[in-house]
Amino acid sequence: MQRYVLKRFGSLILSLFVASLVIFTVIEIAPGDPASFMLGINAQPETLAALRAELGLDQSKLQRYIAWVGGMLTGDFGTSYTYRTPVSEMVADRIGVSIPLALYALTLSITIAIPAGVYAAARRGTAPDLAVLGATQMGVAIPNFWFAMMLVLVFAIQWRVFPAGGFPGWGNGFAAGLKALTLPAIALALPQAAILTRVMRSALLDVLGEDYMRTARAKGLTARQTLWRHGLRNAMIPVLTIVGLQFSFLFAGTIIIEQVFYLPGLGRLIFQSISARDLIVVESVVMLVVFGVILINFIVDLAYAAVDPRLRDRT
Amino acid sequence: MSLLDIQNLTIRIHDKAVVEDVSLSVAPGEILAITGESGSGKSMTAFATMQLLPHGASLSGTIRLEGEDLTALPETALCARRGQAMGMVFQEPMTALNPVHTIGRQVAETIRLHTDATPAEARRQAIETLERVGLPPDRFPPERYPHELSGGQRQRVVIAMAIALRPKLLIADEPTTALDVTTQAQILKLLVRLTRADGMGMVLITHDLAVVAEHADRIAVMQHGKVVETDRTETLLRQMQHPYTRMLFEASTHQVDLPEIPRAEPLLVAENLTRSYLLPRRRLFEERARFTAVKDVSFSILKGERLGLVGESGCGKSTLTRALLGLEPLQEGRITLAGEEVRTDGRAMRDARRRLQVVFQDPFGSFNPRHRVSRLITEPLHLLDVQPTSEERASAVAEALKAVGLRPEDADRFIHEFSGGQRQRIAIARALILKPDLIIFDEAVSALDVSVRAQILDLLAALCRSHGLTYLFISHDLTVVRSVTDRVMVMRAGQIVEQGETEEVFTDPQHEYTKMLLQAAPRLPQRAELKGGPDAG
């Protein structure tokens, strides 16, 4: 087990190193001068020179890479060119929205998908199964921004139970923050839950045909007990894979929903800084997102080993 | 009163009768064997008894356990009987256990399910039961996971789960089919001991007549869903009234008539073959250990000779086969084929590959289901330097199919249209099409029913006569090896411990291991022995 964790951790560090190299190369070394790109074609030569000095473009590439990585390791992500505030502060604010939102949506997705998948698998081919399958088909097909607007229409405008958008900040109380994130989380969770339900159902159907399920029945377990006690954990591997992918997506890929609900999340930050050609922010935020995704993969790997003892002894 | 009493049992799956009008009974302490070929309804009868039939199955008739009709009980009552009053052991020990739970937990589950035992108490009982089936806690702690145990040990865990609450009836469905002979002997001994000790009744389902003859008190022979003959073991084996029983018996002890070896010149010579692997590190920075799968193996095959290779799983048979086929690199040793040296670095030349062909065990998994037979069996032709024309191909296909007893028209069919035995014929046709010097049969008849197996073995003998076939026949089934080989090698832990003329090795084994193997193999009594019995009539 120790070996497995060490190995996974080693691969996490290696992935981060490679990712940092790629991001650095693409943004700083690729053809074109970052400073003139940021300022546009009409920039004054003096402004350009000042920015070049600020960005450290007069230094060697290696020095710049080391300074960039070293800065991030110590929490210094540089200063945004557009807003003139430290990137770390901007990111901290956004993460306070993005991570809770992602976790909220994922929790909803799992809470809906696992019971629904198990329910459908246990009734394979019957009307309830077909109903679940039909519902998931819709869930995948409905665009989440449209669904988000419908939610706003019904719950914010018609019934006025949830705010239509904006985020009050966690400083105004946990409940208010959660309330603001509820509709976006539901909108995000719907397609995710639909996909996860289908994965859960088919993983469980595969497991249902396994010999040990029959052994469990021969011991005297009821069909339902067999499903929950012996089936679920064995069906978890594909489900975990998808949960990991979904969390990675929810972490930074939520820009449309953030836009619909006017939420200050990471997705919007990336979008805004790209529009403003603020490469300092783009570079650091992209690295941060990559770090988050790699960390999630690492956690999923650990979860695999927790679920399946056979993986612990393998590499 | 009998413990289990099945009357007029008929099982239909989607209106097709798979078991018809079967009546059987088992007394306490008695072992009833149900035997027959695949599809005869043996397992369905067992599942019906456990009331665990697949979806779409319906049954009529009665199944009484201690007078209580199981077919009339509601599901909750059945759950209370399963594991408590009746236990079941399955064929595939490798997959019958839940891979993510410890063995202690899986045995304790049966106990906790049916009794009020506390977790600690259930665990204590589970350890006791595991010890009873030969898994003492000091060597096999209950915290072990199934993948940390061998097939035989896993089967012991399955048995422990089934007998933890000392059920009145134990159903064992092919409990030893997937196991080695020595392990098979141990597991059968264990099952018989438990039956006798607890006065448990056992239904032993097996296709292996030799197992049946040695252990069962009574035998029921099934064919096409019907019991065609049933009697006490000695009586049934002596009288064998039904032709199907006689056919099964004869097919099990089938002797083929091999032609003499034509010319005694060496075809394949293997000298000091060694194959070892680096094992993964257990700890960081630890030096990687080596596992030697094949150790200093030397042998030769004469042209036209039939050589056997026997040994238990994990002894290195398959590694040796792959090395001979040039699919795996050897660390040491050399192989010469008809005087020419073959590369042993795992990249054998096309020429060598063309001259060596192989037939594998699984007639269902070794063909691409989307290709027609003609394409399947002409696959090896890419090894030829000059590609044959389409007419040449067609005639080669027709010839190969005829040689294995199929029709040339079968070339246009798909593999799912054939039975297991026919598929194995197609596999042989595929091996024959290049007219190779040597064919390796890797457990090629192990998955077949006895009657089909007998036909395939006859086919081999016929091909020896018509094609002057030379082969290496690898099998764990000693009876088969004895019947179709001239010489035999016994392999253990990567080494050949004994080799010699087949009859000599079987009648006068020299090595302790060979003696043990032969001892462990279940043996079918000769008909002469049975006829001479005291109450022969």
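The values are calculated or read from the model by the stated rules, or taken from the named source; none is laboratory data. Quantities reported herein were computed from a predicted structural model and do not represent experimental measurements. Cβ atoms come from the backbone with ideal geometry, glycine included; neighbour counts cover every protein chain shown.
The table for this structure:
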| item | result |
| --- | --- |
| Residue match in the stretch B:435-444 (condition: among the small types (Gly, Ala, Ser) and in a helix (DSSP H, G or I)) | no |
| Which listed residue is under 17 Å from A:LEU101 (Cα atoms) and either among the small types (Gly, Ala, Ser) or crowded, with 21+ Cβ neighbours inside 10 Å (or both), from A:ALA252, A:ALA235, A:ALA223 | A:ALA252 |
| Residue, surrounded by the most Cβ atoms within 10 Å (Cβ to Cβ), within the stretch B:192-202, restricted to residues that are among the hydrophobic types (A, V, I, L, M, F, W, C) and over 20 Å from B:GLY152 (Cα atoms) | B:MET200 |
| Identity of the residue in the stretch B:88-106, more than 7 Å from every other protein chain (Cβ to nearest Cβ) and in a loop (DSSP other than H, G, I, E, B), that ends up surrounded by the most Cβ atoms within 10 Å (Cβ to Cβ) | B:PRO93 |
| Candidates B:VAL358, B:VAL373, B:VAL342, filtered to the one that is over 19 Å from B:LEU309 (Cβ atoms) and in contact with a strand residue (DSSP E or B) (Cβ under 8 Å, 6 or more places away or on another chain) | B:VAL373 |
| Leading residue by the ranking (farthest from the other protein chains (Cβ to nearest Cβ)) among those in the stretch A:219-236 that are out of contact with any helix residue (DSSP H, G or I) (no Cβ under 6 Å at 6 or more places or on another chain) and not charged (D, E, K, R) | A:TRP228 |
| Some residue of the stretch A:197-217 being within 14 Å of chain B (Cβ to nearest Cβ) and not in a helix (DSSP H, G or I) | yes |
| Test: residue in the stretch B:20-30 that is charged (D, E, K, R) and facing chain A (nearest Cβ under 9 Å) | no |
| Lone qualifier among A:LEU133, A:LEU101, A:LEU108 - being touching a residue at least 60 places away in the same chain (Cβ under 8 Å), within 26 Å of A:VAL293 (Cα to Cα) and surrounded by fewer than 20 Cβ atoms within 10 Å (Cβ to Cβ) | A:LEU108 |
| Filter result (under 19 Å from A:LEU240 (Cα atoms), of a type outside the set (A, V, I, L, M, F, W, C) and either within 14 Å of chain B (Cβ to nearest Cβ) or more than 17 Å from the chain's Cα centre (by Cα) (or both)) within the stretch A:278-312 | A:TYR304, A:ASP308, A:PRO309, A:ARG310, A:ARG312 |
| Matching residues, the stretch B:46-72, being under 16 Å from A:ARG214 (Cβ atoms) and either surrounded by 15 or more Cβ atoms within 10 Å (Cβ to Cβ) or away from chain A (no Cβ under 14 Å) (or both) | B:ALA46, B:PHE47, B:ALA48, B:THR49, B:MET50, B:GLN51, B:LEU52, B:LEU53, B:ALA57 |
| Among (1) at pLDDT 95 or above; (2) touching a Pro at 6+ places or on another chain (Cβ under 6 Å); (3) closer than 21 Å to B:LEU204 by Cβ - the single one B:ILE63 does not satisfy | (2) |
| Flag for A:ILE13 being modelled with pLDDT of 90 or more and part of a helix (DSSP H, G or I) | yes |
| B:LEU78 being over 25 Å from B:LEU135 (Cα atoms) and more than 10 Å from chain A (Cβ to nearest Cβ) | no |
| Residue in the stretch B:69-87 that is assigned to a loop (DSSP other than H, G, I, E, B) and within 30 Å of B:MET247 (Cα to Cα) present | no |
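The rows are residues; the columns are (1) more than 23 Å from the chain's Cα centre (by Cα); (2) surrounded by fewer than 24 Cβ atoms within 10 Å (Cβ to Cβ); (3) more than 14 Å from every other protein chain (Cβ to nearest Cβ); (4) not hydroxyl-bearing (Ser, Thr, Tyr).
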residue	(1), (2), (3), (4)
B:ASP138	yes, yes, yes, yes
B:LEU165	yes, yes, no, yes
B:LEU170	no, no, no, yes
B:THR177	no, yes, no, no
B:LEU190	no, yes, yes, yes
B:MET222	no, no, yes, yes
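Each row is one residue, and each column tells you yes or no for (1) in a helix (DSSP H, G or I); (2) on the phi > 0 side of the Ramachandran plot; (3) of a type in the set (A, V, I, L, M, F, W, C).
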| residue | (1), (2), (3) |
| --- | --- |
| B:LEU237 | yes, no, yes |
| B:ARG246 | yes, no, no |
| B:PHE249 | yes, no, yes |
| B:ASP257 | no, no, no |
| B:ILE261 | no, no, yes |
| B:ALA264 | no, no, yes |
| B:LEU267 | no, no, yes |
